[in-house]
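Structure, as structure tokens:
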Amino acid sequence: MIDGRVVSPSTGATLPVEDPATGEIFAQIPAGSPEDIDRAVRAARASFTAGTWSRADPAHRGRVLWAFARAIRDEAEALAWLETRDSGKPIAEARADIVGTAEILEYYAGLASQVFGQTTRVPGNSFATVIREPAGVVGQITPWNFPLYVGAWKFAPALCSGCSVVLKPSELTSLTMLAAAELALAAGVPPGVFNVVCGTGAEAGAPLAEHRDVDVLAFTGGAVTGRKVLHARADRLRPTQLELGGKSPNIVFDDADLERASAGAAFGIFYNQGENCNAGSRLLVQAGIYERFVARLVERAQAIRVLPPLDERSQMGALISAAHLRKVAGYVDVGILEGATLLCGGPPPAEGHFTRGHWYLPTVLADVKPEHRVFQEEIFGPVVTVTKFTEDDEAIALANATEFGLAAGAWTSSVQRALRCSQELQSGYVWINNYNPTPVEVPFGGVKSSGFGRDCGPQAVDTYTTWKTVLWALSPFDDWYKQ
Ligand code: NAD
């Protein structure tokens with residue numbers, strides 16, 4: 001979608017779209033090239049300069065974003081179906097993604113006319129107005145795990161701020177983003193303001209990150225790619241926002257409500273097949289409750305219905321690709337070699353719906369030590385590691401003992417423990433007696449190697465606006481050189 005039109009890629013090439021649950025190729029998407037990225041950036045620049053969106057009344061932008069949200073709600077069932085076929089996630093979870101996308105747009109529709117500047121008196125009998133301006137042409141590169149929802153974390157605040165966008169979705173899951181771009185156009189987003197270019201990381205992602213005329217680049221994906229993007233942006237000396245991976249700790253203290261904590265632990269890791277940047281993938285469990293807690297967790301993991309994702313009863317679907325399945329299974333093998341104990345899960349039996357597509361069962365690895373790779377590295381699948389601790393200090397130290405800092409959870413009935421965790425966990429997000437919700441009203445993002453900048457909340461607008469200071473003399477200009 002370039003300049004308000006669905007266009008063919010310059011090379012004419014396409015990429016196959018696979019249903020992860022069956023392995024069936026059911027669609028083709030355009031394979032965008034550096035030339036297509038350039039066309040889209042030029043269209044975005046032209047629309048930004050023309051001012052059809054960048055200088056429109058903020059209230060008008062809000063109304064259009066609201067209409068866009070309405071269109072997403074009207075098409076919710078079709079979009080959820082498309083998301084499930086494209087990503088392999090259960091239909092119930094795809095529906096939650098689509099409703100969440102509408103909520104993100106509604107929030108930024110409301111915020112559009114609330115992006116205020118500042119005014120202040122300054123010394124020298126001057127007066128300052130500090131204006132917020134849209135940052136310009138924004139490049140956005142998004143992952144495959146929450147294709148439309150995490151994409152909306154990027155495009156909604158950018159559009160709210162008055163920017164023109166070129167978005168490159170993951171080549172594994174581009175369908176709902178293409179559909180959304182058409183809905184945006186029909187809702188009144190002017191041509192050239194919201195461009196979507198499909199393609200691989202090498203052929204479309206890298207040219208977008210390297211492009212000379214992209215004012216801000218916002219990226220969500222893995223740390224390895226994030227580093228490449230940041231190198232490219234360093235050469236251009238332009239701002240970049242990075243939302244990267246995680247290895248989030250979920251701490252269960254001995255005074256926690258074990259029923260709720262085990263439910264939260266299971267939901268924290270197994271939602272979206274564990275393909276979740278903030279997955280609670282490292283459980284830290286206090287010694288006094290360890291055996292009871294782990295037994296309950298295993299019961300819960302084994303009860304999850306791993307079914308074809310379009311089946312209404314499905315609670316876990318298929319992993320995104322054969323390569324990703326190999327990676328996840330490989331990590332479990334490494335964990336066992338390193339000394340972890342496999343309590344449940346692993347590959348499913350080769351029968352029924354498991355004979356096609358990319359399946360892995362909810363997996364619990366116990367006796368995991370901080371030096372194990374499965375404790376340190378992001379697996380991005382339905383695999384949770386369990387590590388025992390005794391003292392509270394030890395829990396905090398273990399929680400902070402990886403390079404990541406995206407999210408964390410703590411389960412306790414003690415206000416003191418909860419408060420201590422909220423203060424001492426090195427993380428952009430902390431859930432207390434809770435796990436996974438990411439309401440759009442509050443910022444989401446990481447510290448350490450999990451990235452910088454924030455999606456969601458009013459903070460996301462910071463990425464997509466710049467400050468301009470205007471200093472007004474309140475008295476006649478004093479000649480510095482006067483004789
Ligand atoms: P990825 O890094 O492989 O790909 C992300 C995007 O970058 C894709 O669109 C891809 O095509 C593109 N890309 C690949 N190479 C590129 C290059 N050289 N230059 C520019 N773009 C390039 O990540 P993924 O496998 O799609 O997603 C999984 C990762 O995303 C995980 O690490 C997960 O934790 C992370 N994630 C983070 C958040 C967050 O908000 N922090 C949310 C979702 C996913």
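Would you grab the residues whose amide H sits under 5 Å from the one on GLY451? Only those 5+ places off in sequence or on another chain, please, with H modelled 1.01 Å from N.
Sorted by chain and number, the residues that satisfy this are LEU244.
If you look for lysine pairs in the chain that are eight or more places apart or on different chains, how many of them have Cα atoms under 22 Å apart?
Total qualifying Lys-Lys pairs in the chain comes to 18.
Just the Cα atoms of the range 249-432: what Rg and Dmax do they give in Å?
According to the Cα coordinates of the range 249-432, Rg and Dmax are 15.9, 50 Å.
Please find the FRET efficiency linking GLU394 to GLU441, where r is the Cβ-Cβ separation and R0 is fixed at 41 Å, and quote it to the nearest 0.05.
0.75
Taking the Cα centre of the chain as the origin, how large is its charge dipole in debye, to the nearest 20, when only Lys and Arg (+1) and Asp and Glu (-1) carry charge on their Cβ atoms? Let's see the in-between values first.
Working: 42 positive and 53 negative charges, 198 e Å.
Dipole of the chain, to the nearest 20 debye: 960 debye.
How do LEU284, LEU183 rank by accessible surface area computed with a 1.4 Å probe, from largest to smallest? Write out the running numbers ahead of the final one.
Working: LEU284 0, LEU183 35 Å².
Of LEU284, LEU183, the descending order of accessible area is LEU183, LEU284.
Evaluate the relative contact order of the range 123-186 (contact order divided by residue number), counting alpha-carbon pairs under 8 angstrom at least 6 apart; express in whole percent. Intermediate values should be presented prior to the final figure.
Details: 61 pairs, mean separation 23.6, N = 64.
Computed value for the range 123-186: 37 percent relative contact order.
At 222 nm, what helix-only mean residue ellipticity would the chain give, in deg cm²/dmol to the nearest 500, using -39500 (n - 2.57) for each DSSP H run of four or more? Intermediate values should be presented prior to the final figure.
Values: 15 runs with 185 residues, N = 483.
My calculation for the chain gives -12000 deg cm²/dmol from helical runs alone.
If you fit an axis through the alpha-carbon atoms of helix 147-160 and take the longest principal axis of the Cα set of the chain, what angle between them do you get, 0 to 90°, nearest 10?
Computed tilt is about 20 degrees.
Rounded to the nearest 10 degrees, what's the angle between the helix 58-74 long axis and the longest principal axis of the chain, both from Cα atoms, 0 to 90?
30
Across 5 Å bins from 0, what is the distribution of all Cα-Cα pair distances for the range 249-317, in whole percents?
4, 17, 26, 23, 15, 9, 4, 1, 0
Given an 8 Å cut-off on Cα distances and at least 6 residues of separation, report the relative contact order of the chain as a percent.
Values: 1118 pairs, mean separation 90.0, N = 483.
In percent, rounded to a whole number, it is 19.
Counting only Cα, what are the radius of gyration and maximum Cα-Cα distance Dmax of the chain, in Å?
23.9, 95
Quick check: the angle from helix 415-424's long axis to the longest principal axis of the chain, C-alpha only, nearest 10 degrees?
Taking Cα atoms only, the helix is inclined about 60 degrees.
Roughly to the nearest percent, how much of the accessible area of the chain is carbon and sulfur, given a 1.4 Å probe?
On the way: 11040 of 19750 Å².
Within the chain, the accessible surface is 56 percent carbon and sulfur.
Relative contact order for the range 249-432 using alpha-carbon pairs under 8 Å, separation at least 6, rounded to a whole percent? Walk me through the numbers before you get to the answer.
Numbers: 342 pairs, mean separation 52.5, N = 184.
Relative contact order here is 29 percent.
In debye, nearest 20: dipole of the range 249-432 around its Cα centre with unit charges on the Cβ of K, R (+) and D, E (-)?
Values: 15 positive and 22 negative charges, 99 e Å.
Here the range 249-432 has a charge dipole of around 480 debye.
Kindly identify the range 178-245 as rounded, prolate or oblate by the Cα gyration tensor criterion: order the square roots of the eigenvalues as a ≥ b ≥ c, call it rounded if a/c is under 1.5, otherwise compare a/b with b/c, prolate if a/b is larger, else oblate. Can you show the working numbers first?
On the way: a/c = 2.20, a/b = 1.77, b/c = 1.24.
It comes out prolate by the Cα gyration axes.
Can you pull the Kirkwood radius for the range 228-272, inverse mean 1/r over Cα pairs, to one decimal in Å?
Values: mean 1/r = 0.0716 Å⁻¹.
When all Cα pairs of the range 228-272 are included, the Kirkwood radius is 14.0 Å.
The values are calculated or read from the model by the stated rules, or taken from the named source; none is laboratory data. Note that the structure is predicted; figures quoted are calculated from it, not measured. Cβ: placed from backbone, ideal geometry, glycine included. Neighbour counts: every protein chain shown. For accessibility, only protein heavy atoms count, side chains too; no ligands or nucleic acids. Shrake-Rupley method; radii C 1.70, N 1.55, O 1.52, S 1.80 Å.
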